[in-house]
Structure formats: C-alpha cells, structure tokens
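Trainee: Starting off with a structure, shown below.
Computed from the coordinates by the stated procedures, all read-outs in this text should not be read as laboratory data. Note that the structure is a prediction, hence the values are computed from the model and not measured. Neighbour counts are summed over all protein chains in view; Cβ atoms, including those assigned to glycine, are modelled from backbone coordinates with ideal geometry.
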Amino acid sequence: MAKAKAPRRTLDSYTVKHINKTIKAGDCVLMRPADQSKPSYVARIERIEADARGGNVKVHVRWYYRPEESIGGRRQFHGSKEVFLSDHYDVQSADTIEGRCTVHSFKSYTKLDAVGNDDFFCRFEYNSSTGAFNPDRVAVYCKCEMPYNPDDLMVQCEGCSDWFHPACIEMTAEEAKRLDHFFCESCSSEGQKKLQNSHATSRHSDTKVFLLPCPSIQHVLYILPGLKVTSMSDGYQGGFEMPFILSTY
Ligand SMILES: [Zn+2]
Ligand SMILES: [Zn+2]
C-alpha cells in the first residue's frame, strides 16, 4: 500500500547526536563511506531537511573528490589533504555524518601552523563527468616544471625567484634547510658575485626563511589532464597572490 508523501521542511541547523555537533548549510563534513576500508567522504552541506515532526533528517550535499577519485587520478603535485569541489550532488541520511571538517582555500591552508586530521584544501573545481578542472591550468616551478604541492619543501633562488625542490637540485631536505642563500644553476655565478659584494651588510642573515612560490613566476603552465592547451597570452591570472612563509629556522 502506497503511503502518502509527508511534507518535508528545511532546517536551519541540526545537531547530529552521535557526535554531538551542530551542522548547518555551508558546513563541511566527513561522511561514512559504504566501504569502511575507504577514507571518509568529504562533503559540503547545501541543505538540511526533515519530515514534519523533525525526524528522518537528510542532508543535501555537494561532494568533494579526492585526487584518486578523479578521472586523471592522483598526481605528484596533489597534496595529501587536497580535495576538488565537484559538481556531484547527493542526498544522504544525517546519520552518516562522522564529524565536521574544514576545507581551506589553498592560500589559507599553506598558512596553517599545523594541519589537523580535519583540515583539507581545495584549489580546483572538478567536473565529474568530463574530468575537467577549473581553473584548468596552474603555475609550475622548479627544473621539473611541476605545480606546487604544499606537502613539499621548496627553496627559492635569490636570482630568478623560481622555486626548487631540494631533490631536483641534488640536495637533501636537511641541506636545503641549512641554506643561508640559494642561487640556482643558471643564476649561480652572478649570484655569488653579488653576495660577496654585499657580504658586509648581510651578517645578520642567520635567519633562514623559506618562502613558498610567489606570483611573479608564471613561466610555464601545467595543463591539467583532459584539457585543451592554451597559451600564456590568453591572460592567465591564477597562481599565488603573495609569498608566504613556510617556516623559519
Ligand atoms: Zn622539482
Ligand atoms: Zn635562479
């Protein structure tokens, strides 16, 4: 016998009892996957609804995809906490919510003092049917011409301002951290000269600061999988808004 469809209503917020956390539209949450061996799903809540008596609570969500769930798969430059905001919407029982989480912008993620279990970052939107990303290109750095992975240490050349992975310049991470100054191969001879001239004034430079990629570098673009290759002259405006400090020694 068919039941009459009960009217449902939208809730401003809802307290998920088993975790004792109140959620509302716009919050990011971790949700229990059907396959328990998989990591929790990351989603953004769009709307919360319940039946007329406030029961049977469902959340309308927009999924974040992990790199391995995308058509192109996980690439070397994807951070361990990177997720893509997809165009895949769904309705789930509020019971599957395991906890709240935070999906940071790329910039604010790189400024975190410490990355917790519940911290993620998103720099791309992802079209789940075509595998396309938005933006569809990203600035690259180093000799290896890779986009920046915030999990990796990089050092900046004082000559050309490009950023380098220690391994790509035949250095260990420990050696890179001990550097006072760094000039890449192509800037090397010029840089050493400049440094000798300014040596008297640079005695205070015991502080070693490693900066992450800065926006002035836009020499090459990495075109994400499945996308047309367009030239720099198309007016790429992406990349990093400002240099930021990774760590100080
Ligand atoms: Zn490299
Ligand atoms: Zn250089």
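Trainee: Using 0.36 nm times the number of residues separating Lys5 and Ser105, minus their current alpha carbon distance, what extension gain do you get?
Mentor: 31.9 nm
Trainee: Can you work out D for segment 1-87 in µm² s⁻¹ from Stokes-Einstein, where Rh is the Kirkwood radius over C-alpha pairs, the temperature is 20 °C and the viscosity is 1.002 mPa s?
Mentor: For these conditions, the coefficient is 142 µm²/s.
Trainee: For segment 8-126: lysine pairs with Cα atoms under 17 Å, gap of 8 or more or different chains, count?
Mentor: So the count works out to 6.
Trainee: A further question follows. With the Cα gyration tensor of segment 116-184 giving a ≥ b ≥ c as the square roots of its eigenvalues, does the rule (a/c under 1.5 for rounded; else a/b larger than b/c for prolate; else oblate) give rounded, prolate or oblate?
Mentor: prolate
Trainee: With unit charges on the beta carbon (Lys/Arg positive, Asp/Glu negative), name the residue among Phe133, Gln156, Cys168 whose Cα is farthest towards the positive pole of the charge dipole of segment 124-175.
Mentor: Farthest along the dipole direction, towards plus: Phe133.
Trainee: Kindly write out, for segment 143-158 in residue order, the coupling ³J(HN,Hα) from the Karplus curve 6.51 cos²θ - 1.76 cosθ + 1.60 (θ = phi - 60°), rounded to whole Hz, with x marking Gly and Pro.
Mentor: 5, 7, 6, 10, x, 6, 9, x, 6, 9, 6, 9, 10, 9, 6, 6
Trainee: Whole Å is fine, so just give me how far the alpha carbon centre of segment 13-79 lies from that of segment 135-158.
Mentor: A separation of 30 Å, based on Cα centres.
Trainee: When the Karplus curve 6.51 cos²θ - 1.76 cosθ + 1.60 is applied with θ = phi - 60°, which whole-Hz ³J(HN,Hα) does each residue of segment 128-137 get, with x for Gly and Pro?
Mentor: 6, 8, 9, x, 7, 10, 9, x, 9, 8
Trainee: What ranking do Asp162, Asp119 get, fewest neighbouring Cβ atoms within 10 angstrom at the top?
Mentor: Asp119, Asp162
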